[in-house]
Structure formats: C-alpha cells, structure tokens
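J.: Structure in structure tokens, see below.
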Amino acid sequence: MNRKNEKSALGRRKFLALAPTGAVAAAAGAALLDSETRHDTRLSQDALPPLVADSYLTDAEKALVSAVFDRLIPADDAALGASDAGCVAFLDRQLAGPWGLAATRYRAGPFKPGTPEQGDQSPFTPRERYRSGLKALETRCTKSEGKGFAQIAPERQDAFLQDMEAGRHGPDGKAFFEMMLQNVREGYFADPLYGGNKGMTGWKLVGFPGARYDYRAEIDRPGADLGLAPISLMDRG
Amino acid sequence: MSGTKTREKADVVIVGLGWSGSLIAEELTRAGLNVVALERGKWRDTATDFPPAIDMDELRWATRRGMMQPQAVETVTFRNNSEQEALPVREWNCFQFGWNVGGAGTHWAGMTWRFNPWDFEVGSKVRQRYGQAETTPGLQLQDWGITYDELEPYYDRFEKIAGTSGTAGHLNGSIKPHGNPFEGSRSSEYPTPALKDTRWMGMFRETTTAMGYHPFTIPAGNISSEWTNPLGVRMGPCTYCGYCEMFGCGNWSKSSPQACVLPALTGRDNFTILAEAEVLHATLAEDGKTAKGVVFIDANGQRWEQPADIVIFTAYQIDNIRLLLLSKIGKPYDHKTGTGVVGRGYAYQTISGANLFFDDERFNPFIGAGALGVQIDDYNADNFDHAGLGFVGGAGIMAFSTNGRPIGMADSVPQGTPRWGAKWKQAYAKSYQTSATIFNQGTSFAHRDVFADLDPTYTDRHGQPLLRVTFDYNENDRRMAKYTMDKAVEIGKKAGASRIEPFNSAEGANTPYDQRSTHTTGGAVIGADPATSALNRYGQTWDVHNVFVVGASSFPNNGGYNPTATVGALALYCARGIIEKYLDTRGPLVEA
Ligand SMILES: Cc1cc2nc3c(=O)[nH]c(=O)nc-3n(C[C@H](O)[C@H](O)[C@H](O)COP(=O)(O)OP(=O)(O)OC[C@H]3O[C@@H](n4cnc5c(N)ncnc54)[C@H](O)[C@@H]3O)c2cc1C
Ligand code: SF4
C-alpha cells in the first residue's frame with residue numbers, strides 16, 4: 001500500500017506548472033487544492049454578480065416589450081408599472097448576457113417534439129425567442145387589429161395576451177408568452193443591481209425586506225407588522 | 001493536448017466531493033491512507049464565493065441557479081415508460097446537481113432526517129404485517145441488508161459533524177416530549193437545540209396538537225447555536241436569513257462539507273483535491289475483478305489516468321449509476337427480463353399537500369431557513385395501520401418556513417386569479433403575507449417498470465452517453481399521495497384557512513419539471529442478495545471488490561424524508577468497513 005505523502009512526490013508547485021495562471025482555482029488544467037487553499041479568502045474570480053451593461057434589443061423591440069410588460073405588471077397606486085420599474089432594461093441586459101445565449105441549456109440534437117412531460121425541446125435561445133416572438137406578435141396584431149400592439153387600447157392588448165397565454169397563437173406563442181411573464185417578474189422582483197425593481201418598488205409592493213441577512217430578533221415576534229424597510233445589494237434609496 | 005498522462009498511484013481515489021466523498025475522505029485520511037479526490041466542479045468556500053455581500057441575490061442563485069450544474073455539462077434523458085422515446089431534459093429541472101467542491105451539500109436546505117427503522121426493512125415488514133397480496137403488482141420491496149440499529153452510531157456521528165439542531169423524541173428507548181415519538185431510538189440528543197417557530201409553524205403545531213397528532217421541529221442543518229464539531233471545526237448560529245436552499249450560507253451556520261469537514265480535511269498532507277477534473281469511468285484489470293483506477297479529463301481537455309488501490313464513486317445518485325455503467329461494473333438491469341442490478345430500484349419522492357390562503361394573517365415568510373419547519377410523522381412509514389388502504393408507506397406532513405423570495409413566490413395567489421395584470425398584482429400583494437403550504441414528503445418504492453440505463457442517442461460534452469431515466473409513479477405511490485393529501489386538507493381546515501387548494505404530484509404522469517422534490521434515489525442499491533442489489537451493505541460492488549459506491553443511489557426505496565443524513569451515515573459506515581475490514585482482506589466483505 002502506498003502510504004507516502006503524495007504531495008511531496010508530485011508537489012503543489014509541480015502540478016501547478018500545468019496551470020500557468022498559478023491561481024489555486026485556475027481554470028487551466030485541474031485545480032490542485034491543498035492545505036494552503038483554505039487560508040485564501042480573496043473572492044474567487046467569478047464570485048461577483050454577473051453584471052452585463054450591453055444591449056441586445058433594438059429600440060423598436062424595446063418599445064414593444066415595454067407595451068407588453070406594462071400590461072403584465074401595470075402601474076397602480078401601490079407600485080410602479082413594469083417599464084417604469086426598469087423591467088425592459090433588465091431584460092435587455094439579461095438577453096445580452098449568457099442567459100440570452102442559453103448558456104446553461106442542453107442544446108445538442110436531435111430535436112424532437114416529445115410529450116408535455118418531456119418539456120421544451122426547441123433549439124431556440126432566449127435571444128432567438130424574443131427576436132422571432134416579437135416579430136410574430138407584431139405581425140399578428142397588425143393583421144387582426146389593424147395596428148401595432150403598442151397602438152391598440154389596453155383592453156385589446158389584454159385580450160391579445162390572454163389568447164397568447166391560452167395557446168391560441170400556437171405553441172411558440174405560448175412559450176414566448178411564458179418567457180415574457182417570467183422575465184417581467186424577474187425584472188420586477190430581482191435586486192435593483194440588475195437594472196429593474198427601481199426604488200425596490202416590487203419589494204415594497206409585497207413587503208419583502210430584500211437583502212437582509214439576519215432575522216434573529218424578528219423571529220421572536222411571530223405575526224407582527226415588522227415595518228422593515230427593504231435594502232438592496234446596491235440600491236439604498 | 002493529446003495522449004493520456006498518468007498521475008502517481010494513490011491508495012484511494014474518490015470521485016465527487018460532496019458530503020459522501022468528504023466524509024469518507026475524512027475517515028480514510030485519518031486512518032493514514034493517501035487519498036486523491038476528483039471533483040468536476042470548482043473549489044467554492046464561504047468567504048471566497050458566497051459571503052453576505054453577494055449572497056442575498058434571488059435572481060442569481062435561485063432563479064438562474066448559479067451554483068448548480070448546468071444541463072450543458074450533463075443532463076439525463078427522460079420518459080415515462082419504456083414504450084416512449086426518451087428525450088433530454090434541456091432546462092433547469094428537478095435534478096439539481098451539485099457542481100463544486102462540497103457538492104449539493106453547499107446549497108441544500110438542510111433537513112437532516114434519520115429514516116424510520118421500517119424504511120430499512122420494507123420487504124420483510126410488509127410481508128409480516130400485511131402479506132404480499134396487499135401490495136401493488138411489480139413493486140420491488142426489499143430489505144437493505146442493514147438495519148436502523150446498525151446505522152444508528154453513524155447517524156449519530158453525522159449529526160455531530162453537521163451540528164444538527166433538533167429535539168430528540170425517542171432517546172435511549174424512551175419517548176420524550178416535543179420530539180418525534182415515531183423516530184428510531186437515538187443514542188444522544190441533537191447537538192444543538194431545535195430552531196424557533198415562525199407564525200405559520202406555531203399555527204401548524206397548535207392545530208395538529210389539537211387534532212391529536214405529534215408535531216415536532218424538523219431536525220435541521222441550519223444550526224441554532226454555536227457548535228464545535230468532533231473534527232474541531234466551529235460553526236455559528238443560523239440567522240433565519242431566508243437565502244438558504246439553492247444558496248451557500250455566508251454565516252458558517254448551514255451544515256455543509258465546507259462548513260463542517262473540509263477545514264479539517266484540507267490541512268492533511270495525505271489528502272489532495274483535484275477540482276475541475278471530470279471522471280469518465282473506472283478502468284478494470286484484465287480479469288475484470290478489480291479496478292486499476294479512473295480516467296479523468298481536466299479543464300484543458302487533457303486526459304489523465306489516476307491509478308488507485310481503491311476506487312470510490314460518490315458522484316451523487318445519477319452519476320453513480322452512470323459511472324458504473326460506463327465502467328462496465330455490475331450487470332445492467334434488463335427491463336424485459338427483470339434481471340440485472342445496475343439501474344434497478346430507481347425511485348423518487350412522492351409529493352402532495354395543500355396550498356392555504358388565510359383572510360387575515362401576517363406570516364412574514366422572509367424569516368426562514370432551508371430546513372425550518374414543523375412536521376407530523378403520524379402518517380409516515382408504517383406508523384399507522386394500512387390494512388385495507390391499498391398502499392404501503394406514507395409521508396411526513398410538514399409546515400415549512402423556508403423563504404419569502406418574491407420571484408419564486410409570484411404564483412402563490414389563489415387559483416382563478418389571473419397570473420398577470422392589475423388583479424394579479426393586488427392578489428399577490430395580499431397573498432404574499434397570507435398564504436402557506438402544507439407539504440407531504442412521501443415514500444417512493446421501486447417498481448419493475450422504473451429504471452435507469454444509458455441513452456442510445458444523446459451524449460454529454462465529452463461524447464459519453466447520458467443516463468436515461470424511465471420513471472412514473474406506481475399505483476401504490478399514487479394512493480399514498482392521495483391519502484396524505486386529504487390529511488393535509490383536514491389540517492388546513494382546522495387551521496382556519498379560508499381557501500384550500502390541494503395538490504398531488506402523483507396525480508398525473510411525472511415530469512422532471514415538477515420540481516417539488518430533488519430527491520431521486522436508487523439505481524445502484526445496497527442489499528443482501530446480489531440478484532437484486534448492486535452493492536453489499538458496505539457499498540462495495542458485488543463483482544469488483546475494490547470499487548465502492550455511496551450516495552442516494554444506494555437506497556432500495558426512498559423514505560418519507562430527505563436523503564442526506566442517511567447518505568452520510570452510509571458513507572461513514574462504508575469508510576469504517578474499508579478501514580476495519582477491507583484493508584486486511586482485500587476481497588468481498590460479504591459472501592455473495
Ligand atoms: C436545493 C436542494 C435542497 C436540498 N435539500 C435537502 C434537505 O433539506 N435535506 C436533505 O437531506 N437533502 C437535501 N438535498 C439533497 C442533498 O443536497 C444531497 O442528498 C446531498 O448533497 C448528496 O450528497 P452527495 O455527496 O451524495 O452528492 P453531491 O453533493 O451531489 O456530490 C457529488 C459530487 O460529485 C461530482 N461529480 C459528479 N459526477 C462527477 C464526475 N464524473 N467526475 C467528477 N466529479 C463528479 C459533482 O460535481 C458533485 O460535486 C437538497 C438538494 C438540493 C439541490
Ligand atoms: S437560513 Fe441560516 S443556515 Fe440557511 S443560509 Fe441563512 S444563516 Fe445560513
């Protein structure tokens with residue numbers, strides 16, 4: 001049995017020579033971790049939030065998304081509407097980043113339709129869904145309503161979106177609707193760090209205190225109105 | 001880079017460094033063995049990767065699952081029955097794989113259960129009490145080859161390493177107030193006291209007590225006070241931050257390999273971690289009776305051989321099965337003939353319950369922790385008479401307070417409310433504070449039509465076949481889910497809910513996008529009979545004596561509980577078997 005200290009045989013330095021960056025969690029090669037690793041408290045290279053400032057949507061697309069989003073989360077006395085809350089800017093940045101490219105999705109073929117239980121089998125990325133989905137939406141609306149989506153009355157907009165939600169615009173229309181609904185909620189309730197939830201409007205609406213990390217005092221007051229003002233990782237206003 | 005390079009031989013190579021791998025590595029290195037751990041994810045730790053400055057970010061960690069293994073790296077293919085063609089599960093789903101040093105134990109919720117003693121002996125106990133005729137045809141009810149009492153010392157050790165909070169209900173043979181009276185007898189109290197109640201937990205506790213049930217605080221890997229574990233590692237108290245399951249803990253309060261094991265382990269000279277190293281398979285000696293080591297691929301695409309005297313797969317449930325199949329260890333399950341063992345005994349968790357809406361409440365759901373909850377076990381395991389019910393097993397019925405994160409809760413509005421628009425907005429503003437859930441976490445039993453094997457079509461990024469899962473609920477599980485769902489509804493009524501919306505995952509066909517549970521189990525199960533199990537009680541493969549496998553894949557059936565304390569106990573038991581027996585004999589630890 002080989003009980004000798006492997007590190008002295010193939011030491012840290014020697015192995016790290018394979019990983020020229022020299023950092024412990026080097027992306028190159030396999031990262032050797034040893035007794036020194038745990039004393040390293042520097043943030044990892046990818047520890048900070050993945051903020052993207054780029055844009056993907058065209059101005060016309062943004063205007064259309066804005067019209068849709070403001071029906072999904074309209075303004076009222078309680079809180080801002082989606083576009084005022086920054087949900088369109090939020091979406092635009094998300095699309096410009098790795099999420100827009102479906103970076104985590106399994107994208108190998110063959111692509112086959114499958115059963116409902118097998119879920120979305122399409123090859124589309126979110127970018128592709130938005131580009132083609134917005135185009136289809138506008139074309140259909142112009143055909144049936146005689147005007148673009150942003151130009152029709154709010155009640156007509158709602159009816160149009162209800163059809164989409166119910167699948168009456170086909171499976172791609174339904175899938176695109178679901179994606180927009182999920183994204184507008186994300187923009188409305190994610191940390192303002194990502195460009196939406198302006199002034200923490202979404203959090204104020206429901207009474208979520210945001211990025212707090214300690215409720216040891218509050219748990220002793222079950223059912224109480226705690227009156228906690230929200231805080232964010234970034235926005236303290 | 002081309003060609004395969006060879007590393008120096010190790011005594012032991014561990015594949016996957018989550019709870020299972022790190023617990024085994026701790027035992028084996030302490031016993032003096034030279035251990036190399038290969039982990040395909042990155043090194044992740046509290047200060048470097050999820051300190052409070054960046055941790056409270058729902059979009060990043062929960063919605064986008066920043067800590068989990070992307071499907072682009074590996075997924076499964078899925079179908080409900082063998083007549084269908086399996087297709088890849090392309091998006092985030094119920095298989096929420098760990099993907100870093102620490103595995104899923106970094107971002108788990110922390111419910112730290114011991115299985116009920118009955119769960120380990122369902123084969124013989126069901127026959128004794130109800131007879132074979134009572135059960136659904138095709139069920140594969142079998143004993144584990146190890147009993148609760150035999151595992152008790154290892155559960156005890158796991159809890160002490162983890163700092164588990166809770167109140168004993170059955171201590172050294174006597175039943176204690178406030179704990180779970182149905183649990184197997186414990187040799188000691190929980191390391192740290194039970195967590196506190198939120199408003200909703202208090203209501204559930206009061207209601208179920210009045211109904212004659214036996215509520216208790218769920219044992220939690222969210223520890224309630226400071227704790228120094230047997231490895232000399234110190235933890236701090238949970239702050240009920242509500243960014244727990246799917247998140248790392250920035251407080252050193254959540255039991256995890258990082259918080260509890262790795263600080264002791266990484267200081268040892270005979271322990272090496274290679275992160276970002278993905279194992280492709282084990283290589284067998286010519287006679288097929290032993291393994292020579294494993295082949296892995298590093299982040300540059302370089303292939304390496306890691307020779308070792310002992311190979312241990314601790315790559316979670318799916319990947320343990322897959323690695324066995326890719327390494328050609330053990331006979332694959334053949335659905336047609338019902339023979340073979342690798343891929344047999346796959347099970348899941350059967351979930352039902354009720355969503356409740358109250359007129360006038362203030363639950364403050366953001367006060368939460370991953371394992372914060374109250375449960376009754378009156379309808380779990382065999383704690384009630386099943387005669388005439390048409391099923392065996394049951395569910396833990398719980399009221400939890402895990403979190404109030406607003407993206408994830410946005411559908412928590414009464415049925416019939418639009419999902420968007422002004423009405424939704426108003427409804428959500430109210431129900432955010434007034435809705436609660438009763439959640440039944442139920443048993444799941446293996447069935448001859450449910451199994452895992454290698455997919456004939458789809459591959460991972462290295463060109464290796466994905467694991468193909470053929471799963472649907474069986475009649476036994478469907479009946480159980482319905483029965484316990486009705487109990488949840490009764491409790492909801494008594495608690496004063498003005499609206500009760502029952503749910504039952506097992507009502508229709510299963511889909512991996514129903515994400516009420518992540519707990520898939522089985523597929524490389526332990527047992528006493530090589531014809532129906534891939535491993536003996538130590539997790540040693542029957543056919544290749546220097547290959548051991550530990551994970552939820554080892555369970556012949558799933559209990560009405562989360563899996564990890566049982567996985568931890570099996571890992572420690574496996575390590576003791578290696579140290580105390582295998583090092584001397586170098587052969588099968590149990591006669592086939
Ligand atoms: C959100 C969430 C909440 C949960 N809550 C609970 C709970 O409350 N209670 C409970 O008991 N359980 C819970 N679980 C389950 C729990 O996390 C797991 O049971 C436990 O972490 C499993 O530990 P493991 O070591 O067996 O596997 P893992 O932690 O999955 O570790 C396996 C490791 O192997 C690595 N690996 C896989 N394949 C390879 C390969 N080919 N080469 C190299 N490395 C590989 C993976 O990257 C991973 O790090 C939860 C899980 C999730 C996702
Ligand atoms: S709830 Fe407690 S254990 Fe969980 S992450 Fe927050 S502080 Fe840690």
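J.: Among all stretches of chain B without exposed chymotrypsin sites (Phe, Trp or Tyr not before Pro) (DSSP loop, at most 16 other Cβ atoms within 10 Å), which one is longest? It would help to have the intermediate numbers written out before the result.
T.: Numbers: sites that count: B:Phe384, B:Tyr513.
My reading of the result: B:1-383 is the longest stretch.
J.: Projected area of the protein assembly as shown, taken from the Cα convex hull and averaged over every viewing direction, in nm²? Intermediate values should be presented prior to the final figure.
T.: Details: hull surface 132.3 nm².
Its average projected convex-hull area is 33.1 nm².
J.: Using a cut-off of 25 Å between alpha-carbon atoms, which lysines can reach B:Lys482, once sequence neighbours fewer than 8 places away in the same chain are excluded?
T.: B:Lys482 reaches B:Lys125, B:Lys493, B:Lys494.
J.: Take the Cα atoms of chain B, find their three principal axes, and give me the spread along each one in whole Å, biggest first.
T.: Principal-axis extents of the Cα atoms in chain B, largest first: 69, 58, 51 Å.
J.: Here is a follow-up. On a 0 to 90° scale, report how tilted helix B:475-494 is relative to the longest principal axis of chain B, with both axes built from alpha carbons and the result rounded to the nearest 10.
T.: 40 degrees
J.: Given the convex hull of the Cα atoms of segment B:477-592, what is a quarter of its surface area in nm²?
T.: Working: hull surface 38.6 nm².
So the mean shadow area of the Cα hull is 9.7 nm².
J.: Further question: Mind pulling the angle between the C-alpha long axis of helix B:316-326 and the longest principal axis of chain B? Nearest 10 degrees, somewhere in 0 to 90.
T.: Tilt relative to chain B: about 30 degrees.
J.: Grab the eigenvalues of the alpha-carbon gyration tensor for segment B:399-490, scale each by 5, take roots, and send me the semi-axes largest first in whole angstrom. Write down the numbers at each step before the final one.
T.: Working: eigenvalues 259, 105, 29 Å².
The equivalent ellipsoid of segment B:399-490 has semi-axes of 36, 23, 12 Å.
J.: Apply 1/(1 + (r/R0)^6) to the Cβ-Cβ distance of B:Thr228 and B:Ser185, taking R0 = 22 Å, and write down the FRET efficiency to the nearest 0.05.
T.: Working: r = 26 Å, r/R0 = 1.18.
It comes to 0.25.
J.: Summarise the partner chain shielding of B:361-372 as one whole number: the mean count of Cβ atoms from other chains within 10 Å of each residue's Cβ. The partial results should precede the final answer.
T.: On the way: counts 1, 6, 2, 13, 3, 12, 9, 2, 2, 0, 0, 1.
If you average over the peptide's residues, the count of other-chain Cβ atoms is 4.
J.: Let me check against my output: what whole-number percent is the relative contact order of segment B:1-79, with C-alpha pairs under 8 Å and at least 6 apart? Numbers along the way, then the final one.
T.: Details: 40 pairs, mean separation 18.5, N = 79.
Normalised by residue count, the contact order of segment B:1-79 is 23 percent.
J.: Oh, and also: Please state the relative contact order of segment B:211-295 as a whole percent: Cα pairs under 8 Å, 6+ residues apart?
T.: Numbers: 80 pairs, mean separation 16.5, N = 85.
Once normalised by length, the contact order is 19 percent.
J.: Taking only the alpha carbons of segment B:528-575, what extent do you get along each of the three principal axes, in Å, biggest first?
T.: Result, largest extent first: 31, 23, 13 Å.
J.: Run the quick spin-label model on B:Asp385 and B:Ile175: label points 7 Å from Cα toward the beta carbon, then report their separation in nm to one decimal.
T.: 1.7 nm
J.: Provide the FRET efficiency to the nearest 0.05 for the B:Lys5-B:Ala285 pair, computing r from the beta carbons and using R0 = 22 Å.
T.: 0.60
J.: Quick check: pseudo-label points 7 Å beyond the Cα along Cα→Cβ at B:Ala509 and B:Asn81, how many nm apart are they?
T.: Roughly 0.9 nm, to one decimal.
J.: I've got another one for you. If one computes P(r) from the Cα atoms of segment B:2-125, what percent of pairs lie at distances over 25 Å? Write down the numbers at each step before the final one.
T.: Values: 3736 of 7626 pairs.
Roughly 49 percent, once rounded to a whole number.
J.: Any chance you could tell me what percent of the C-alpha pair distances in segment B:337-420 go past 15 Å? Intermediate results must be reported in sequence, preceding the final value.
T.: Details: 2622 of 3486 pairs.
Here the long-distance tail beyond 15 Å is 75 percent of all Cα pairs in segment B:337-420.
J.: Taking each residue in B:33-45, count the Cβ atoms of any other chain within 10 Å of its Cβ, then average. What number comes out? Could you put the intermediate results ahead of the total?
T.: Values: counts 3, 8, 1, 2, 1, 1, 3, 1, 0, 8, 9, 3, 7.
The shielding value for this peptide is 4.
J.: Antiparallel as a % of all DSSP beta bridges within the protein assembly as shown, to the nearest 5? Before the final figure, lay out the partial values.
T.: Details: 61 of 92 bridges.
Once the DSSP bridges in the protein assembly as shown are tallied, antiparallel ones form about 65 percent.
J.: What area, in nm² and to one decimal, does the C-alpha convex hull of segment B:369-415 cast on average over all directions? Write down the numbers at each step before the final one.
T.: Working: hull surface 20.5 nm².
Average projection, Cα convex hull of segment B:369-415: 5.1 nm².
J.: Could you run the Karplus curve 6.51 cos²θ - 1.76 cosθ + 1.60 with θ = phi - 60° over segment B:259-264 and give me ³J(HN,Hα) per residue in whole Hz, x for Gly and Pro?
T.: 7, 10, 10, 4, x, 7
J.: Round to the nearest 10 and give me the degree value, 0 to 90, for the angle of helix B:421-434's Cα axis relative to the longest principal axis of chain B.
T.: Result, in degrees: 90.
J.: Using a basic spin-label model with each label point 7 Å from the Cα along Cα→Cβ, how many nm lie between B:Thr339 and A:Arg156?
T.: Going by the 7 Å Cα→Cβ label model, 7.1 nm.
J.: Tell me the net charge near B:Trp200. Cut-off is 12 Å between Cβ atoms, B:Trp200 excluded, with +1 for each Lys or Arg and -1 for each Asp or Glu.
T.: On the way: positive: B:Arg199, B:Arg205, B:Arg362; negative: B:Asp197, B:Glu206, B:Glu361.
Net of charged neighbours comes to 0.
J.: Could I ask something else about it? Each residue of segment A:78-94 in turn: what ³J(HN,Hα) in whole Hz from Karplus with 6.51, -1.76, 1.60 and θ = phi - 60°, glycine and Pro shown as x?
T.: Per residue, the Karplus-derived 3J(HN,Hα) values read 6, 6, 4, x, 4, 6, 5, 7, x, 5, 6, 4, 4, 4, 4, 5, 4 Hz.
Any read-out appearing in this document is the output of simple, stated calculations on the displayed coordinates, not a laboratory observation. Predicted model only: the values in this text are computed from it and were never measured. Quick reminder, even Gly has a Cβ in these numbers, built from the backbone with ideal geometry, and neighbours come from all protein chains shown.
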